[in-house]
Amino acid sequence: MSNTHVDLSKRHSEKPVFSSEKMAEVQGIISQYPEGKHKSAIIRILHIAEETFGGWLSIETMDYVAEVLNIEPIEVYEVATFYTMFNLEPTGKFVFEVCRTGPCMLVGSDQLIEHIESTLDIKVGETTKDGMFTLKTAECLGACGYGPMLQCGKKYHEHLTNEKVNELIAAYRSGELPK
Amino acid sequence: MARRILLEHDNVPGIETFDVYRKNGGYRSVEKALKKMTPQEIVDEVQKSGLRGRGGAGFPTGMKWSFLAKPDGVPRYLLCNADESEPGTFKDRYLMEKIPHLLIEGMIVSSFALGANLSFIYIRGEYMWILEILEKAIAEAYANGFLGKNILGSGYDLDLRVAPGGGAYICGEETALIESLEGKRGNPRMKPPFPAVKGLWGCPTVVNNVESIAAVVPIINDGGDEYAKIGIGKSTGTKLISAGGNLARPGVYEIELGLSVEEFIYGDDYCRGIANGKKLKACIPGGSSVPILPAHLVTKTAEGLDRLMSYESLAEGGFVSGSMLGSGGFIVFDEDQCVVRNTWTFARFYAHESCGQCSPCREGTGWMEKVLNRLEHGQGNMRDIDLLAEINKKIEGNTICPLGDAAAWPVAAAIRHFREEFEWHVTNKEEAQTRNYGLLKASM
């Protein structure tokens, strides 16, 4: 349960709107569900909206998704605040989510988190001054045999060591995204 | 006993593509099922196979299928539970990533058996890249006539979709999964009615784990009786085990049920012992929800019998000296690890993942996390250890879904087997803040 209260001071200044290309993708997803069951598409569309509109879901974005799905805004707020993958506040350009549940803890996730904190000079939950990185922790990401690990966007980085994390940070900074 | 049925071809280059998969014997079960069998005959084979749900509960799959209501004119749905989130478990991910067509093949045969014309794979949101792999494979299956209208000229129609979650462990509970698939918060439903009667959009629904559905493929290819010959007793077939923690060679292994735990941990074909030459301290054999076992109860039961990788043997001794096979999330602790710290991380996990609907779970998981946090950090007292047991009793059995039990049981087991370690954290407050109990013991 995310227990999230939406901070209304953080807004998008302009109304987010999908490009016609994105809209076609979104309509394609909606059409996967039977007539009248289009609300089922909400989670996937929120993922797309988050990716499209700056990596987080503002009130404006959620209202727009409600409009696209032809449902009440509250139905979108309910879902967006329940599922912890959704960012309800702006984040850095890259969000590192380090798994810290039992199996990753056993192989050194605590030390990895400390290393990233000192390297980026931020604490868990904070964003670097240049806006490049946000550090978060995550509960079990299903990589228990390949830890310690972190997720950044859709990518899992596994078998991490301090050196590998340093390389990863350098790669993200330089724009040469790791495959 | 290395027996590979599901993962037989996992290392064949290109096995994720339709052509290579098909050349390696893929989609034979669809041809057999749709051309030569009736839906009831498929259900019968699955019942004969003795296959038990591979998601964790171990309920017989064929029996679950036989409960499905079939009112006239009402659609029925098959949902694949790919919301793999139980700490310690990463087997479904491996199967879907490596051999996506195996799951699709199983979905087609199973959907036909249940009379479903629209089926879904609900996958955890973090596995977004696997969703893409699956959708690519599904598109290939459509292009080759294995999905869509009139599959292989049989007159049977099936559409298969993939839907992502949003990072909620609770959506692995089948009614929460259904709520989520309907586009809502993942709050579990009261049962009855069971999904078999009233599931997705109020229609009869079956929810099965990825591995269970994949196992339908060899069951149909070789027959339920042949499948039942694999394994031991009521633990038939093979099981994918996710081996993690302090092992020399962690990873996903397919084992024949009945393999000895000793062989699995130390054998050359499997995990090759504890990492860095250390000693085994404890093991959680079936995912974070099942009881932890101290070293002396891992490879042997309390009666001194060899402990086997099976539903029955791992449960031997009940909650006093046994555990459960669960999802097959096999977590191993070396001698330097701290059980209190691990238990705290699990309590934090459950507090984070409680949907908040039932107060015993919402409040109880939060309190357990707080109490364990202060114990681990040298700020607890002896009374806290008993307090945890009290909170446990107030959660278990008092909630709509089993998340509350799943949160309570591992704490109870950790205290049962490692009480002195909890007490050490109370009596050595300063050291508890700076040192790990496991390391301390090792240096003594």
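Of all residues in region B:399-444, those satisfying the criterion of being touching a Cys at 6+ places or on another chain (Cβ under 7 Å) and over 22 Å from B:Gly287 (Cα atoms) are B:Asn436, B:Tyr437. Checked against the criterion of being closer than 29 Å to A:Glu139 by Cβ and touching a Gly at 6+ places or on another chain (Cβ under 6 Å), the candidates A:Thr52, A:Thr84 yield just one match: A:Thr84.
Every residue, every condition in (1) within 27 Å of B:Leu297 (Cα to Cα); (2) touching a helix residue (DSSP H, G or I) at 6+ places or on another chain (Cβ under 7 Å), yes or no:
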position	(1), (2)
B:Arg362	no, no
B:Met368	yes, yes
B:Glu376	yes, yes
B:Asp384	yes, yes
B:Leu388	yes, yes
B:Glu396	yes, yes
B:Ile400	no, no
B:Arg416	yes, no
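Against the test of being under 16 Å from B:Ala214 (Cβ atoms) and crowded, with 18+ Cβ neighbours inside 10 Å, the options B:Leu6, B:Leu68, B:Leu34 yield a single qualifying residue, B:Leu6. In contact (Cβ under 8 Å) with a residue 40 or more places away in the chain, within 12 Å of chain A (Cβ to nearest Cβ), at positive phi and touching a Pro at 6+ places or on another chain (Cβ under 6 Å): does that describe B:Gly88? Taking the combined requirement at face value, the residue satisfies it. Applying the criterion of being of a type in the set (D, E, K, R) and touching a residue at least 24 places away in the same chain (Cβ under 8 Å) to the residues of region A:20-44, the residue that is farthest from B:Gly167 (Cα to Cα) is A:Lys22. Of the residues that make up region B:175-186, is at least one touching a helix residue (DSSP H, G or I) at 6+ places or on another chain (Cβ under 8 Å), crowded, with 20+ Cβ neighbours inside 10 Å and closer than 22 Å to A:Ala143 by Cα? Yes, region B:175-186 contains at least one residue that is touching a helix residue (DSSP H, G or I) at 6+ places or on another chain (Cβ under 8 Å), crowded, with 20+ Cβ neighbours inside 10 Å and closer than 22 Å to A:Ala143 by Cα. The set of residues from region A:138-153 being facing chain B (nearest Cβ under 7 Å), under 16 Å from the mean Cα position of the chain (by Cα) and in a loop (DSSP other than H, G, I, E, B) comprises A:Glu139, A:Cys140, A:Leu141. Scanning region A:104-119 for residues that are buried (at least 19 other Cβ atoms within 10 Å of the Cβ) and part of a loop (DSSP other than H, G, I, E, B) gives a single hit, A:Val107.
For B:Lys278, indicate whether it is more than 14 Å from every other protein chain (Cβ to nearest Cβ) and in contact (Cβ under 8 Å) with a residue 40 or more places away in the chain. Considered against the rule, which asks whether it is more than 14 Å from every other protein chain (Cβ to nearest Cβ) and in contact (Cβ under 8 Å) with a residue 40 or more places away in the chain, B:Lys278 comes out as no.
Those helices (runs of 4 or more DSSP H) of region B:254-362 in which at least 2 residues are outside the structural domain of B:Ser49 (by TED's automatic domain parsing), under 22 Å from the mean Cα position of the chain (by Cα) and modelled with pLDDT under 95, considering only elements entirely within it, cover B:318-321. Determine, yes or no, whether B:Pro218 is under 30 Å from B:Gly73 (Cβ atoms) and modelled with pLDDT of 95 or more. Considered against the rule, which asks whether it is under 30 Å from B:Gly73 (Cβ atoms) and modelled with pLDDT of 95 or more, B:Pro218 comes out as no.
Each residue in region B:233-263 was checked for being within 14 Å of chain A (Cβ to nearest Cβ) and on the phi > 0 side of the Ramachandran plot, and 2 of them qualify.
Got at least one residue in region A:67-76 being at the interface with another protein chain (Cβ under 9 Å from one of its Cβ atoms), without any contact (Cβ under 8 Å) to a residue 60 or more places away in the chain and of a type in the set (D, E, K, R)? Scanning region A:67-76 turns up at least one residue that is at the interface with another protein chain (Cβ under 9 Å from one of its Cβ atoms), without any contact (Cβ under 8 Å) to a residue 60 or more places away in the chain and of a type in the set (D, E, K, R).
Condition test on B:Arg383, is it in contact with a Gly (Cβ under 8 Å, 6 or more places away or on another chain), at negative phi and assigned to a helix (DSSP H, G or I)?
No, not satisfied.
None of B:Tyr122, B:Tyr156, B:Tyr127 is crowded, with 22+ Cβ neighbours inside 10 Å, modelled with pLDDT of 95 or more, hydroxyl-bearing (Ser, Thr, Tyr) and within 28 Å of B:Phe67 (Cα to Cα) except B:Tyr122.
Of everything listed in (1) within 12 Å of chain A (Cβ to nearest Cβ); (2) outside any helix (DSSP H, G or I), the single unmet condition for B:Tyr94 is (2). One residue stands out in region A:77-110 among those that are among the acidic types (Asp, Glu) and within 24 Å of A:Cys152 (Cβ to Cβ): the one that is farthest from the other protein chains (Cβ to nearest Cβ), namely A:Glu89.
The values are calculated or read from the model by the stated rules, or taken from the named source; none is laboratory data. Everything numeric in this text was worked out from a predicted model, so none of it was measured. Neighbour counts are summed over all protein chains in view; Cβ atoms, including those assigned to glycine, are modelled from backbone coordinates with ideal geometry.
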